[in-house]
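Here the structure comes first, spelled out in structure tokens, and everything after it is commentary.
The values are calculated or read from the model by the stated rules, or taken from the named source; none is laboratory data. What you see is a predicted model; the values in this text were computed from it and never measured. Heads up, the Cβs are rebuilt from the backbone with ideal geometry, glycines too, and the neighbour counts pull from every protein chain shown. Calculation scope for accessible area: heavy atoms of the full protein, side chains included, ligands and nucleic acids excluded. Shrake-Rupley method; radii C 1.70, N 1.55, O 1.52, S 1.80 Å.
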Amino acid sequence: MTTNLAIEASSLVKTFGDLRAVDGVDLAVPRGSVYGVLGPNGAGKTTTIRMLATLLTPDGGSAHVLGHDVVKEADAVRGVVSLTGQMASVDEDLTGRENLILLGRLYGFKGKAAKARADELLGAFGLDDAATRLTKNYSGGMRRRLDIAASLVVTPELLFLDEPTTGLDPRSRNQVWDIVRALRAAGTTILLCTQYLDEADQLADGIAVIDRGKVIAEGTPGQLKASVGNATLQVRLLNPEQRPQAEQILARELGAVHLEPDPSALSVQSPDADKGAEAVVALSRAGISVAAFTLGQPSLDEVFLALTGHTAETQEEEEVKA
Amino acid sequence: MSTDDIAIRNALSSVPRPPRPGAFNAAMAFGWRGMLKIKHVPEQLLDVTITPVMFLLMFTYLFGGAIAGSTGEYLDYVLPGLLVMSVVFTTVYSGVSLNTDLTKGAVDRFRTLPIWRPAPLVGALLGDAVRYVIAGTVIMTLGVILGFRPGSWPGMFAALALTVVFSFGVSWLFTTLGLLLRSPSAVMNAGFMFIFPLTFLSNAFVEPETLPSVLEAFVNVNPISIMTDAARGLMAGDAVGSDVAISLAVAAGLTAVFMPLTSHLYRTRG
Ligand SMILES: Nc1ncnc2c1ncn2[C@@H]1O[C@H](COP(=O)(O)OP(=O)(O)O)[C@@H](O)[C@H]1O
Ligand SMILES: [Mg+2]
């Protein structure tokens, strides 16, 4: 069966008792792409991945992974995918090297070849030094890297990554992101579940936003942002007494100004980044001292808010010191 | 592109995919995993060594005089029974450790591998068989130190081998239980609730003739009794062929029924 879709799911359903954890999910993931499944905790991401990875049998709907039916041809699916689960899928009582050798043997490498493959992956993922330590003593970031390395003992056509950076420090998170980018560049299709908006934004070619078991929006990060429209300019002044004056200028440049609870802060919608920047320049020309401003690209969080009426996480802002 | 990137891309494309491993190799890989766990967490061997030692000392010195009139005579009677009991008790831990395993993410990965379905279970039990051998060896060694003399030394090792094979069969019961129940302690409790009466209502510790007739009838058909008879016979050097055959048949029967069941549950457990 030839199709350029790596994953094709229609009306997938999984219920746990009364709870419809996954409630009619459709997905179409092109081969070679990184596809983000974005949603808050409990949205049904892991349950969806587990059905696609043949760990759970769907209660309704159907799914094909690389052309194979996940129920009827589960074994064929298992032959071409790898899973890096939300719980670290490494064996805590084994060393990193032993974990990889074990998987090497389970994929069909014989003694020496399994060891060589393990060492090669340990090197590529920067785990040489930790190779002979028990993985229960690994840091979160090391464990994640080992986990991903374990998924690559043989190169999968499709990799499931379930919240690969949850709980990681920024440096480890960036390492994982680099790995995902390298995999994509090498042609591996990746289904990435995440609750971090910036993660999907950074990595994914396409995103499905899911909430309470349903896909509520779909598109490229750009399309999703465009659907919300305006960016927000937030300004904090050095001197609160200048706020009325600043309000006047911003209202003239951009439109209705919102006065924040903080007496030195105000915010205003901006149709695009250029206009926002001009408004800031206008403030300083008028002699108003700006302590800080942020020109929020409409974030995926705002997308989420617009789509669901509730936020997925607290918005992260990049403060630009004035 | 960073050097990491290049290393990862090289690692991705470096080797062709080998053919899938056969059933035997896959199971052996999991058996190796079991060995590594024993190596890294040797404490887990305490369970399987301390309990048998306690039982042996307790039965010999505490009950021996009362049951058989002398500790030496009772040791001769009870050692084969204790061998069977100790090793069969150890099988409960196979269910417990499988259940513990299920709470870890590693099992998810194993379940998405294209391998012979029962391989993780067969391999784990092969690893456990090493524990059975250890438990049995501890009992036999201590028995000999305390004065037990088998009629046949090779028979004694044959008895250990038969007990391990028998227990391999029994352990499928507990791996099934390990997949049906939610927590390791539930498996432990249910397992012992089942195996304790079964072991004590056998001829391992008392002559069946001394029991009320209803009990005696049960004791005589209890597979643990038959296994114990086989072990006694092998150690004495006058084994009854049918006892050995029935013990093997029980192991084969339990494996035939409960291995596929366990395997199915392992694959389908959410
Ligand atoms: N095995 C299970 N039994 C009962 N409820 C479950 C089970 N797995 C998940 N759920 C429930 O299903 C919903 C979706 O969970 P999950 O797919 O893990 O969400 P996410 O990965 O998006 O955080 C949650 O409400 C969760 O509590
Ligand atoms: Mg999840």
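Numbers below:
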item	result
Å² per residue, accessible surface of the stretch A:144-234 at 1.4 Å	33
For the stretch B:150-270, fraction of C-alpha pairs farther apart than 25 Å, in %	33
Proximal charge balance of A:G32 [Cβ under 10 Å; K/R count +1, D/E count -1]	0
Cα radius of gyration and Dmax for the stretch B:1-131 (Å)	22.6, 83
Equivalent ellipsoid dimensions for chain B as semi-axes, Å, which come from the Cα gyration tensor, largest first	41, 19, 17
Probe 1.4 Å, protein heavy atoms only - accessible area per residue of the stretch A:40-94 in square angstrom	30
Per-residue mean of C-beta atoms belonging to partner chains within 10 Å, peptide A:110-117	2
Sorted peptide list for A:72-85, B:177-190, criterion being average Cβ within 10 angstrom, highest first	A:72-85, B:177-190
Delta accessible area of at least 10 Å² on complex formation, residues of the stretch B:109-123, 1.4 Å probe, chain isolated as reference	B:R109, B:F110, B:R111, B:T112, B:L113, B:P114, B:I115, B:R117
Candidate lysines for bridging to B:K104, where Cα separation is under 30 Å - those fewer than 8 sequence places away on the same chain excluded	A:K14, A:K45, A:K72, A:K110, A:K112, A:K115, A:K136, A:K214, B:K37, B:K39
Kirkwood hydrodynamic radius (C-alpha pairs) into Stokes-Einstein, the protein assembly as shown, 25 °C and 0.890 mPa s, D in µm²/s	88
Chain A - Rg (one decimal) and Dmax (whole number), Cα, Å	23.5, 76
Under 5 Å, built H, 5+ apart or other chain: amide partners of A:G36	A:L192, A:D205, A:G206, A:I207, A:A208
Reach of A:K225 by Cα under 19 Å, taken over lysines that are not fewer than 8 positions away in the same chain	A:K275
Of all accessible heavy-atom area on chain A, the percent that carbon and sulfur account for (1.4 Å)	48
Chain B: DSSP helices with Cα axial extent of at least 18 Å and average Kyte-Doolittle hydropathy no lower than -0.5	B:23-40, B:44-57, B:71-102, B:119-146, B:153-180, B:184-200, B:223-236, B:241-268
Relative contact order of chain B, pairs being alpha-carbon contacts under 8 Å that are 6 or more residues apart, as %	25
Whole-percent pair-distance distribution, where bins are 5 Å wide, for the alpha carbons of the stretch B:128-179	5, 18, 24, 21, 14, 9, 5, 3, 0
Separation between Cα centres of the stretch B:110-186 and the stretch A:150-207, rounded to whole Å	42
Amide H partners (placed H, <5 Å) of A:V290, local residues excluded	A:L238
Rounded if a/c under 1.5, otherwise prolate or oblate - the stretch A:230-297, Cα gyration tensor axes	prolate
Lys, Arg +1 and Asp, Glu -1 on Cβ, resulting dipole of the protein assembly as shown about Cα centre, debye, nearest 20	1360
Length-normalised contact order for chain A - Cα pairs under 8 Å, 6+ apart - percent	18
MRE, 222 nm, helices only [DSSP H, n ≥ 4, -39500 (n - 2.57), over the protein assembly as shown, to nearest 500]	-17500 deg cm²/dmol
Interface size B-A, as summed buried accessible area [1.4 Å probe, Å², nearest 100]	4100
Positions from the stretch A:45-69 whose accessible area shrinks by 50 Å² or more when the full protein complex is built, not the chain alone, probe 1.4 Å	A:R50, A:L55
